[in-house]
1. Taking Cα centroids, how far is segment 18-66 from segment 98-166 in Å?
2. If contacts are Cα pairs under 8 angstrom and at least 6 residues apart, what is the relative contact order of the chain in percent?
3. Can you compute the helix-only [θ] at 222 nm over the chain? Use -39500 (n - 2.57) per DSSP H run of at least 4 residues, normalise by all residues, nearest 500 deg cm²/dmol.
4. Step through the residues of segment 131-138 one at a time and calculate ³J(HN,Hα) from phi using the Karplus curve (6.51 cos²θ - 1.76 cosθ + 1.60, θ = phi - 60°), rounding each to whole Hz and writing x for Gly and Pro.
5. Amide H to amide H under 5 Å from LEU21: which residues, 5+ apart in sequence or cross-chain, H placed 1.01 Å off N in plane?
6. Quick check on segment 45-183: take the gyration tensor over C-alpha atoms, sort the square-rooted eigenvalues as a ≥ b ≥ c, and tell me if it's rounded (a/c under 1.5), prolate or oblate.
7. Quick check: the angle from helix 73-83's long axis to the longest principal axis of the chain, C-alpha only, nearest 10 degrees?
8. How far is helix 114-127 tilted, in degrees, relative to the longest principal axis of the Cα atoms in the chain, given as a value from 0 to 90 rounded to the nearest 10?
Amino acid sequence: MIWFEGICKTYKQGDNETCALSGVSANIETGDTVALCGPSGSGKSTLLNICGLLDNDYHGELYLDGQRVAQDTMTTTLLRREKLGFIFQNYNLIPVMTAYENVEYPLLLNNVSSKERSRMTRHILDAVGIADQAHKRPNQLSGGQQQRVAIARALVKYPRLVIADEPTANLDTQTANLVIDLMRSLGKEMQTTFLVATHDDRMTSHCDRIIRLQDGLLIDEINGGFQQCAG
Ligand SMILES: Nc1ncnc2c1ncn2[C@@H]1O[C@H](COP(=O)(O)OP(=O)(O)OP(=O)(O)O)[C@@H](O)[C@H]1O
Ligand SMILES: [Mg+2]
């Protein structure tokens, strides 16, 4: 599904250079939920931004669905719209739009017809259990409800890959479990691959695989769930 080889990333600010990734490689299978672990500053968000085609400024090779991803804005914008969904720690919903409009928005960007948009949006809002809140704006929803809207928005177009950066960090245990179960069950149903940066052992114990980063290097990989994510 997604394969990367020798990914290096250096942030430059004036005379300062921070090497965030120093040659990271992995191959992630279709339909797997993969946890990306490691201490703060180890490069998790940096790697997610590259895999999520939000950052083109890196060295190394990235393949998505068997195709090498060219590092130009036109290619990555189109691929991102077609194949990727995103879930963030702070939900990142558009504040002036209702929950329904937030979820529908990726379909609008992809020129899906109005009838089909309505069908797909209602279906996924129902699947995440938030249909009765669809008319509300994000500031009228709880954190858990907002994250469910964000999951619906990420999945509404049946993306090939979902990138999630600390999706449960702001949620209480009960809500976090619900959100994790939702991501897992909908992901399996849709054969969507998840790459999830997390410090949350509740999350990693539900993942198919763990990739661990330290100081910009991938230090080990563990297959199977019920592993602890130190750091
Ligand atoms: N925009 C930026 N400009 C300069 N340096 C950056 C930038 N973003 C990240 N870094 C640096 O790159 C390194 C990796 O950061 P990154 O955000 O990927 O870590 P992380 O593993 O996601 O951490 P956390 O768990 O705290 O979210 C850190 O040393 C960080 O300071
Ligand atoms: Mg981060």
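No lab work stands behind these numbers, since they all come straight from the coordinates. What you see is a predicted model; the values in this text were computed from it and never measured.
1. Going from one Cα centre to the other spans 25 Å.
2. On the way: 461 pairs, mean separation 66.6, N = 231.
In percent, rounded to a whole number, it is 29.
3. Taken over the chain, the calculation gives -10500 deg cm²/dmol.
4. 4, 6, 10, 4, 7, 8, 7, x
5. LYS9
6. On the way: a/c = 2.16, a/b = 1.41, b/c = 1.53.
Note, shape of segment 45-183 comes out oblate.
7. That works out to roughly 50 degrees.
8. That helix lies at roughly 80 degrees to the long axis.
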